[in-house]
Amino acid sequence: MEAKDKFVENDTTSGESLANWGIIGQISIVKQLSLALESDRLSHAYLFSGPRHVGKNTLARTLAASVNCQGNHVPCRKCNSCQRIMATLHSDFQLLQVNETAGQRGIGIQSILDFQHRAYLKPFEGKYHVLVIDEAEFLTEEASNALLKLLEEPPPNVLIILLVTKTSFLLSTVVSRCHVLEFQLVSPAEITGFLSQEYGLPISEATILANLSQGCIGWAIKAATDDNLLESKKRRLGNVASISGATLEQKFKFAANLADLMRTNRTEVREELELWSAWWREVLLIQLGVPEITFNLTQIAGCEAPNSQFATTDLIQILNAIKETEELLEANVNPVLALEELMLKIPVTSSA
Ligand SMILES: [Zn+2]
């Protein structure tokens, strides 16, 4: 529960070469990969596990660039090969991901078989064939089994990187064939520093973005150049803050809207529930007298917690209920029922 424990502060002992990787946070992972690369001991398969928007995708591309880099200081991120891998334009680099807005529901077996076919040929222009599977939990069962075969008997010069929010979403046999690296949330101080340095944001603005990002630097970077993201998150957080005082009818309408969204954008529903969890956790921590380990979400205008107290048991109950709902939705339970059930567990203040 202690948010601070999840942050990895910048490691000042890191060598200058790590700066080449251009990754904010995740310093111990970058160190491990850099050492493995230098000593020619890279695994053929990695599993990057951790929250969304903490740098998994960027680091996967950077690792892919590293093994194919033509520059002197690997990864140079400037040579032709590095640049085309970062832009997904390199013929030996393939990124698989679900495009939910285009109606895709999963990553099918054909894309794995296509990669497998190419993987047995010599790389076209680089040294390694690299396959990155973003949100690997969306692999169909057939695709997972095909991937497992590839992991069991990997061709030479192949690097496979799976990205996932939780390793439990994958077949345990797939997980056991990969070198698992656990990504951490990035500390608000690091995000604030990065945004003010790289994007010239005033510290006050950078701090709000860092807090709203909840340690997810990728979101903060996007929001630094897209006001809509910031406004949309504030609005959603405002909804969480106001729902405890809403009528049952309003709560059920909210549940129905969220269940609708589940059909077209599961990721957004997941993010919404994560936001709920973060806001209620913060209300609990403030009530328990430990506000210093929160993201100050309840200090943002329009997202404040009510002045009156909630029962501590109710707050613990809603946090457990959100977690259960997340699991039920992952297990494809009827989303309307699961979300209505959650609405019934929202704490109300004694004055409401
Ligand atoms: Zn390069």
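The values are calculated or read from the model by the stated rules, or taken from the named source; none is laboratory data. Not measured: the values here are computed from a predicted model. Neighbour counts run over all protein chains shown; Cβ positions are idealised from the backbone, glycine included. Areas reflect the complete protein model, heavy atoms only, side chains present, ligands, DNA and RNA absent. Shrake-Rupley method; radii C 1.70, N 1.55, O 1.52, S 1.80 Å.
Below is a table of values for the structure above.
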read-out	value
Cα long-axis angle, helix 203-213 against the chain (0 to 90 degrees, to the nearest 10)	90 degrees
Farthest positive-ward along the chain dipole, Cα basis, beta-carbon charges - from SER81, PHE310, LEU284	SER81
Semi-axes of the equivalent ellipsoid for region 220-313, Cα gyration tensor, largest first, Å	23, 19, 12
Surrounding net charge for SER144, when Lys and Arg each add one and Asp and Glu each subtract one, Cβ distance under 14 Å	-3
Nonlocal amide H pairs with CYS76, under 5 Å, H built at 1.01 Å	GLY71
Estimated Rh, the chain: Kirkwood, alpha-carbon pairs, angstrom	21.9 Å
Between helix 188-199 and the chain: long-axis angle, C-alpha atoms, 0 to 90°, nearest 10	60 degrees
Cα extents of region 174-332 along the three principal axes, largest first (Å)	48, 46, 31
Accessible area expressed per residue, the chain, with surrounding protein chains retained (probe 1.4 Å, Å²)	49 Å²
Kirkwood-type radius of region 84-145, with distances r between different C-alpha atoms, in Å	12.5 Å
Heavy-atom accessible surface of the chain: percent carbon and sulfur, 1.4 Å	50 percent
Degrees separating the helix 266-287 axis from the principal Cα axis of the chain, which is the longest one	50 degrees
Computed helical MRE - 222 nm, the chain, DSSP H runs ≥ 4 contributing -39500 (n - 2.57), nearest 500	-15500 deg cm²/dmol
Two-decimal Rg/Rh across region 212-251, once Rg and the Kirkwood Rh are taken from alpha-carbon atoms	1.14
Overall Cα dimensions of region 6-163, principal axis frame, Å, largest first	45, 37, 29
Over 19 Å between alpha carbons, listed pairs LYS78/LYS127; LYS166/LYS345; LYS166/LYS253; LYS56/LYS166; LYS56/LYS222; LYS253/LYS345	LYS166/LYS345; LYS166/LYS253
Amide H partners (placed H, <5 Å) of VAL180, local residues excluded	LEU47
Distant-in-sequence amide H partners of ILE133 (H built 1.01 Å from N, under 5 Å)	LEU96, ILE161, LEU162, LEU163
The chain - percent relative contact order, Cα under 8 Å, separation 6 or more	17 percent
Relative contact order computed over region 3-182 (Cα-Cα under 8 Å; 6+ residues apart), in percent	27 percent
Dipole magnitude (debye, nearest 20) for the chain, charges at Cβ of Lys, Arg, Asp, Glu	580 debye
